[in-house]
Amino acid sequence: MNSKIMTNSHDERRVRKAPKTVSIPLATAALVSLSLAGFVFAQDSTTTDFKKRVYVNGGVGLTRIEPESPSDALTVSDNSDAGGHLAIGYDLNRFFTVEGYVADLGTAQIAFLGADVGSIDYNVYGISALGYFYNNRSGFVFRDTDVDGLYRREGLSLYARAGLGQMDNSASGVEYFQDYSTHAAFGVGLEYGFDNGFALRTELMSMDTDAKYLTVGILKRFGKSRSAEKAPVAAYVPQVVTTAQPLVPELPVAAAPVVAPSGNFEFDRSDVNSEFAQNLDVLASVLLNNDADIVIQGHTDSMGSELYNQRLSERRALAVAQYLQGRGVSGQRLQILGFGEDRPITSNATPQDRFLNRRVEIDIQ
């Protein structure tokens, strides 16, 4: 907001801000660029499993409000205040979110020759694009991974904001005018998401040169996150293989039974490691020569919540099923099930015990 502020006396006392002829075009360009990039990434096959969700966000924070003055006699005596905001957003894909917001940024106190003469209130609203570019589980956005994080907005994420907004003001004891009320909004923030849809946020947001807002808030997403546990086949209640040792598959001789491998996983991971992949390659070559049905069972250790471990066990089983499908095994023969942390084969007392419990077992019918 460019403003001229005068007291109610006959002495002219003005606060006037320098023109900001560049900020609005820059904000528009940034918002358009983010929107176009979001549309491009939305077409990427890696976002197929992403679940679009609506969320609401509210919070409080500290503000710094600094209208400019052409006179040393008329100054801002107190430029700090408390503020609050509400927002509603929509997750477009794992990279981008669009959000509308309204905020009360508090009051700037105006002084003439050191004596307080009035105040100006700041209220803003607008729309922004948020770009998520790092997550502690997924890594950077261009990394193609099946690990939770940006797909579900879970864990710790780093994001940036760019958008446009409207600034409304009211005054007490002084008069003012706005050269223009539209402002550019930029920000950078941290968000920590939980598996129940709630998240905590902190962000530093700048609305042109008038106001800065350091916020903390809570966010709630509605609806289910992506269905990473979905199987390509119908549900099945499998028999449980209780061995913890990986078994090298054996080529069938005549009617001899096929011995299936099991494999272990690193902490909080669902990708198939190289050793397990070699055993799966052998198993796939065997399965291509018979019509046996395969039940794939995922398990976890006891670290983390039960809900998170249930989903993680299902993702591990799904990763193995997708690997076998990639080697030519029909998805109609594959059935997956996750047991979470419910069926450990050892105590979870040591790192080695927990490693043995982080496994996928395969049962051949």
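The values are calculated or read from the model by the stated rules, or taken from the named source; none is laboratory data. Nothing here was measured: the structure is a model prediction, and the numbers come from that model. No Cβ is skipped: glycine too gets one built from the backbone with ideal geometry, and neighbour counts run over all protein chains shown.
Report yes if Tyr180 is farther than 30 Å from Leu307 by Cβ and not in a strand (DSSP E or B), otherwise no. Step through it out loud before you land on a result.
On the way: farther than 30 Å from Leu307 by Cβ: yes; not in a strand (DSSP E or B): yes.
Against the criterion (farther than 30 Å from Leu307 by Cβ and not in a strand (DSSP E or B)), Tyr180 qualifies.
Working only within the stretch 150-199, note down all residues that are farther than 20 Å from Arg137 by Cβ, surrounded by fewer than 16 Cβ atoms within 10 Å (Cβ to Cβ) and in contact (Cβ under 8 Å) with a residue 60 or more places away in the chain.
Gly173, Glu175, Phe177, Gln178, Asp179, Tyr180, Ser181
Hey, among Val102, Val15, which residue is on the phi < 0 side of the Ramachandran plot and modelled with pLDDT under 50?
Details: Val102 fails: modelled with pLDDT under 50.
Only one candidate qualifies: Val15.
Among the residues of the stretch 322-338, are any of a type in the set (A, V, I, L, M, F, W, C) and within 25 Å of the chain's Cα centre (by Cα)? Give the derivation first.
Within the stretch 322-338, the subset of a type in the set (A, V, I, L, M, F, W, C) is 324, 329, 334, 336-337.
Retained after the next criterion (residues that are within 25 Å of the chain's Cα centre (by Cα)): none.
No, because not a single residue in the stretch 322-338 is of a type in the set (A, V, I, L, M, F, W, C) and within 25 Å of the chain's Cα centre (by Cα).
Taking Ser33 as the residue in question, decide whether it is part of a strand (DSSP E or B), at pLDDT below 90 and either under 22 Å from the mean Cα position of the chain (by Cα) or polar (S, T, N, Q) (or both). It would help to see each step written out before you state the result.
Working: part of a strand (DSSP E or B): no; at pLDDT below 90: yes; either under 22 Å from the mean Cα position of the chain (by Cα) or polar (S, T, N, Q) (or both): yes.
Answer is no for this residue.
Which one is modelled with the highest pLDDT among residues in the stretch 122-144 that are surrounded by 17 or more Cβ atoms within 10 Å (Cβ to Cβ) and polar (S, T, N, Q)?
Ser128
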